[in-house]
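Input: a single structure, listed below in structure tokens.
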Amino acid sequence: MNLPVVVHEPNRHPASAAAGDRVARTRRQGWIGPALVAVAMAFLLLWGTVFARTPLDTLPLYFVQRYFLLDATSLLFLLLINSVFLGIAVYMASRVSTSAALTKHMPSRSALTFAFMVAMNLGVMANNLLLLWAFIEFTTLCAVPLVAQGNAKAPHRVAWRYLLYSSMSLALTFLGIMCLTRSAYLQGAEINFAFSEMAATVPLRGDSWQQLGLGLMLFGLGSKLGLAPLYSWMPETYEAAPTSTSALLSAVQFNLSVVAVLRILQVFRAQDSSFVAYQLLIMGCLSLVVATVQVMAARSYKRLIAYACVSSSGVIAIGLSVGRAAAYGVLLYIVSNAFVKSLLFLTAGRLRAVYGTHEIKALSGVIRVLPFSGLLFTVGIFALLGFPPFGGFMAEMLILSGIVQSGNLIAFTVMCALLTIIFVATGRSIFPMLWGPSDRPDTPIDTSWVTTVPKIGFVAALVMLGVYTPAPVSRLLLLVAQSIGGQ
């Protein structure tokens, strides 16, 4: 009788098995990263070509029964968000082979990111207040599962908290829209939500319903921007989310809410703007106070960057409260800030991958272990703190000059004092981490040049904005500044 021969295969070590599975999965999904990069390049090439070939004097252009428009505001932010998106897409594609979490979630993360960016592009072009509100909500729904894929202790709790705060913010914004509708109805004005027509239909003399509506909308959108008092979701979400998601939320989705605020200011600039100005000023100053306290207490470098984002939102709000004198500086600050946030969060992801922690005290001498990443993080911190020759320095000088011209010396003093404290607190925490003695071997760890390329591109953009802004870009910024009351 022939007995069956049983061949026992040697047991695979769990670590080697996991590595083998990751390699196999990477090979199967190898097309996803390049496809995402190709989509990002297509978006940027599309709007870059439109910018190069469309005279700004011919704007605005309308599409789909005037539900979408291309004007100076939408063109500026389309170029901005897609430039940032290209860098994030390249980062994601280059990290697939080295990040187990990214390899595992790459199909879903890429699909959600694609849907997110389609909604972002359409939202920036929206010529309808309700449509823009819907696109902000859609991008939030796309971002929730992205946040839940983070490496925090309880990423799903953070994602639900982000959804809760975002829903509350958008509910307040929608309630504000309803108050504006009530105001128009009581005054016998036409109820129209198209931005291109609202300015002509809004009553010149606003009533209490209109003021309440504006206040609620700015309060709700201010929460999406991370302005106090509804700011606490931002540091927690930015810290817990995956690196690419933190960059998307801070440098891309953030700017859709900025567009919404700018649209509101464009529509109601002919009204008595003191109510809106005071609200923006108060929220901006409160945000700077909160950011100052929290930056001094920060123990995580990623959370410190997140609180710096809160302070940046405060600077933007204060600048917008000034009006025409600071309008150009605010726009330059917004553009510069998008590149700074992307640079810092993507570089922070590299630090997390090597050291395995976000704790500042656990890192020292980063520049010796990760020369390129340490140098880029240093440059990003300098740009964040408003050093020359970066765009943030020029923008802050223009904003402060505008505040002085408006005669609000109290706001000038508060902003200067708080930014100085943030500067000192950030330097005290970050620079020893980067330049202090290293407890690791001084042998540098190689950094993929593909991962470094988008970060170098962000640095180049920041230097260009601070040293020499090309005439077409400067004119585009000027047109947007004029539309919100600038000159």
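The set of residues in segment 364-418 being touching a residue at least 40 places away in the same chain (Cβ under 8 Å) and among the polar types (S, T, N, Q) consists of 364, 373, 378, 401, 405, 406, 408. Exactly one residue out of 212, 230 is among the aliphatic types (A, V, I, L, M) and outside any helix (DSSP H, G or I): that is 230.
Of 164, 172, all but one fail to be at pLDDT 95 or above, in contact with a helix residue (DSSP H, G or I) (Cβ under 7 Å, 6 or more places away or on another chain) and not β-branched (Val, Ile, Thr); the exception is 172. Scanning segment 314-327 for residues that are surrounded by fewer than 24 Cβ atoms within 10 Å (Cβ to Cβ) and over 17 Å from residue 218 (Cα atoms) gives 324, 325.
The selection criterion, being charged (D, E, K, R), in contact (Cβ under 8 Å) with a residue 60 or more places away in the chain, surrounded by fewer than 23 Cβ atoms within 10 Å (Cβ to Cβ) and part of a helix (DSSP H, G or I), does not hold for residue 157. Exactly one residue among 118, 124, 144 is assigned to a helix (DSSP H, G or I) and surrounded by 21 or more Cβ atoms within 10 Å (Cβ to Cβ), and that residue is 124. In segment 46-82, the qualifying residues are those that are out of contact with any Asp or Glu (no Cβ under 8 Å at 6 or more places or on another chain) and part of a loop (DSSP other than H, G, I, E, B), and the one that is farthest from residue 125 (Cα to Cα) is 55. Looking across segment 341-358, the residues that are of a type outside the set (Gly, Ala, Ser) and surrounded by fewer than 23 Cβ atoms within 10 Å (Cβ to Cβ) come down to 352, 354, 355, 357, 358. Could you grab me the full set of residues in segment 447-479 that are among the aromatic types (Phe, Trp, Tyr) and loosely packed, with under 14 Cβ neighbours inside 10 Å? Those that are among the aromatic types (Phe, Trp, Tyr) and loosely packed, with under 14 Cβ neighbours inside 10 Å: 449, 468. Once segment 371-398 is narrowed to residues that are under 22 Å from residue 478 (Cα atoms) and over 21 Å from the mean Cα position of the chain (by Cα), the residue that is surrounded by the most Cβ atoms within 10 Å (Cβ to Cβ) is 398.
Scoring residue 357 on the criteria (1) under 12 Å from the mean Cα position of the chain (by Cα); (2) free of Cβ contacts under 8 Å to residues at least 40 places away in the same chain leaves a single failure, condition (1). Is one or more of the residues making up segment 275-298 at pLDDT 95 or above, of a type in the set (A, V, I, L, M) and under 30 Å from residue 110 (Cβ atoms)? No, because not a single residue in segment 275-298 is at pLDDT 95 or above, of a type in the set (A, V, I, L, M) and under 30 Å from residue 110 (Cβ atoms). Residues considered: 226, 215, 220. Of these, the only one that is on the phi > 0 side of the Ramachandran plot, out of contact with any Asp or Glu (no Cβ under 7 Å at 6 or more places or on another chain) and touching a residue at least 40 places away in the same chain (Cβ under 8 Å) is 226.
All of (1) farther than 23 Å from residue 261 by Cβ; (2) assigned to a helix (DSSP H, G or I) hold for residue 392 with one exception: (1). Cβ-Cβ distances below 8 Å connect the following pairs, each with a first residue in segment 59-76 that is acidic (Asp, Glu), a second residue that is part of a strand (DSSP E or B) and modelled with pLDDT of 95 or more, and a separation of six or more residues or different chains: 71/61.
The values are calculated or read from the model by the stated rules, or taken from the named source; none is laboratory data. Bear in mind the structure is a predicted one, so any value in this text is a computation, not a measurement. All Cβ positions, glycine included, derive from the backbone under ideal geometry; neighbour counts span all protein chains shown.
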